[in-house]
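Contents: one structure, followed by commentary.
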Amino acid sequence: MKRIAVLASGYGSNLEAILEAQSRGEISGKVVLVISDQENAKALERAHRRGIRKLYLDPDSYNSREEYDSKLADELNKEEIDLVVLAGFMRLLTPGFVGSFSLKILNIHPSLLPSFPGTDGIEQAYAYGVKLSGCTVHFVDEALDTGPVILQESVPVIQEETIATLKQRIQAVEHRLYPIAIELFCRDKLQTRGRRCYIVD
Ligand code: GRF
């Protein structure tokens, strides 16, 4: 069984969706650790409520991003983590960290990458006026939101809607899509060749 760590900076609705999918038996791995860079992240509270080990790592206690990520790696290695799931983790991971967990880190982004990477993906898409947005689950590489795409699903932008309603509808898709991608990883069904990620039997 794959041991999963979730890294989250904020509200943690994706964490919640993952944990619910796990308790319904839809994820064969197990979330054993939740780490945040924000002391008051709701995600930490959600982990605590479910009896999952939670850990706050304060960025101000480290001299550099490399030092922070090396502490992060130590904690993940101590827990023998097989899969790192980023769920609204608002820090760019260093190349050293990404290299040591190569093709073992997943991220979810609220746009159809490569459109609108970075923060505010939903706001950027809305402001641009696209008719189709969505979300992307991808492997994490050294740059921002550029790793091989695992799953993508589109969400149409409705003419009269606000950013808030678009966000709600995109997040509802995220909550369904992320557990599916995690389960594919847990069952060793993801194979990458270059940028292309194949789902195999
Ligand atoms: C999600 O919309 C995700 O796409 C982005 O950050 C947001 C996190 O939301 N990477 P939550 O904390 O899971 O509610």
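Between region 8-38 and region 51-68, the C-alpha centres lie 18 angstrom from each other. Per-residue SASA remark: F89, around 20 Å² accessible (1.4 Å probe; ligands, DNA and RNA not included). In loop segments of region 7-114 as defined by DSSP, the GluC sites (Glu not before Pro) with at most 11 further C-beta atoms inside 10 Å of their C-beta are E39, E80. Derived scalar couplings between HN and Hα for region 101-108 equal 10, 4, 6, 10, 10, 10, 9, 10 Hz in order, rounded to whole Hz, by the Karplus curve 6.51 cos²θ - 1.76 cosθ + 1.60 (θ = phi - 60°), x for Gly and Pro.
Of the residues K71, K30, K78, ranked by 1.4 Å probe accessible area with the largest first, the sequence reads K78, K30, K71.
Helix 163-186 and the long axis of the chain differ in direction by around 50°, with both axes built from C-alpha atoms.
Rolling a 1.4 Å probe over the protein heavy atoms gives region 3-199 an accessible area of 49 Å² per residue. Dipole magnitude for the chain: computed about the Cα centre from +1 point charges on Lys and Arg Cβ and -1 point charges on Asp and Glu Cβ, it is near 600 debye. Of all the options T94, T119, T162, the one that moves most in a Gaussian network model of the chain with Cα springs shorter than 10 angstrom is T162.
Contact order, relative form, for the chain: 20 percent (alpha carbon pairs under 8 Å, 6 or more residues apart, mean separation divided by residue count).
For GluC sites (Glu not before Pro), the sites in region 137-190 that DSSP calls loop and that have at most 13 other Cβ atoms within 10 Å are E160. Per-residue SASA remark: Y198, around 80 Å² accessible (1.4 Å probe; ligands, DNA and RNA not included). Remark: region 128-136, residue by residue, has Karplus-estimated 3J(HN,Hα) of 5, x, 5, 8, 9, 10, x, 8, 9 Hz, where x stands for each Gly or Pro and the curve is 6.51 cos²θ - 1.76 cosθ + 1.60 at θ = phi - 60°. Near the amide H of S133, within less than 5 Å, lie the amide hydrogens of V155, V157, all on another chain or at least 5 residues away, with H placed in the peptide plane. The peptide list 53-59, 184-190, put in order of mean Cβ contacts within 10 Å with the highest first, becomes 184-190, 53-59. Per residue of the chain, the DSSP helices (runs of n ≥ 4 H) give a summed -39500 (n - 2.57) that works out to -11000 deg cm²/dmol at 222 nm.
In order along region 36-41, phi translates into HN-Hα couplings of 9, 9, 10, 4, 9, 4 Hz, rounded to whole numbers, per the Karplus curve 6.51 cos²θ - 1.76 cosθ + 1.60 with θ = phi - 60° and x for Gly and Pro.
Taking trypsin sites (Lys or Arg not before Pro) across region 86-147, the ones in a DSSP loop with at most 13 further Cβ atoms lying within 10 angstrom of their Cβ are K131.
Each 10 Å bin from zero holds the following percent of Cα-Cα pairs in region 3-199: 9, 36, 38, 15, 1.
Distant-in-sequence amide contacts of S111, defined by a placed amide H-H separation under 5 Å and a gap of 5 or more residues or a different chain, comprise T136.
The values are calculated or read from the model by the stated rules, or taken from the named source; none is laboratory data. Model, not experiment: these values are computed from the prediction. For neighbour counting, all protein chains shown are included, and Cβ atoms are generated from backbone atoms with ideal geometry for every residue, glycine included. All accessible areas refer to the heavy atoms of the entire protein, side chains included, with ligands and DNA or RNA removed. Shrake-Rupley method; radii C 1.70, N 1.55, O 1.52, S 1.80 Å.
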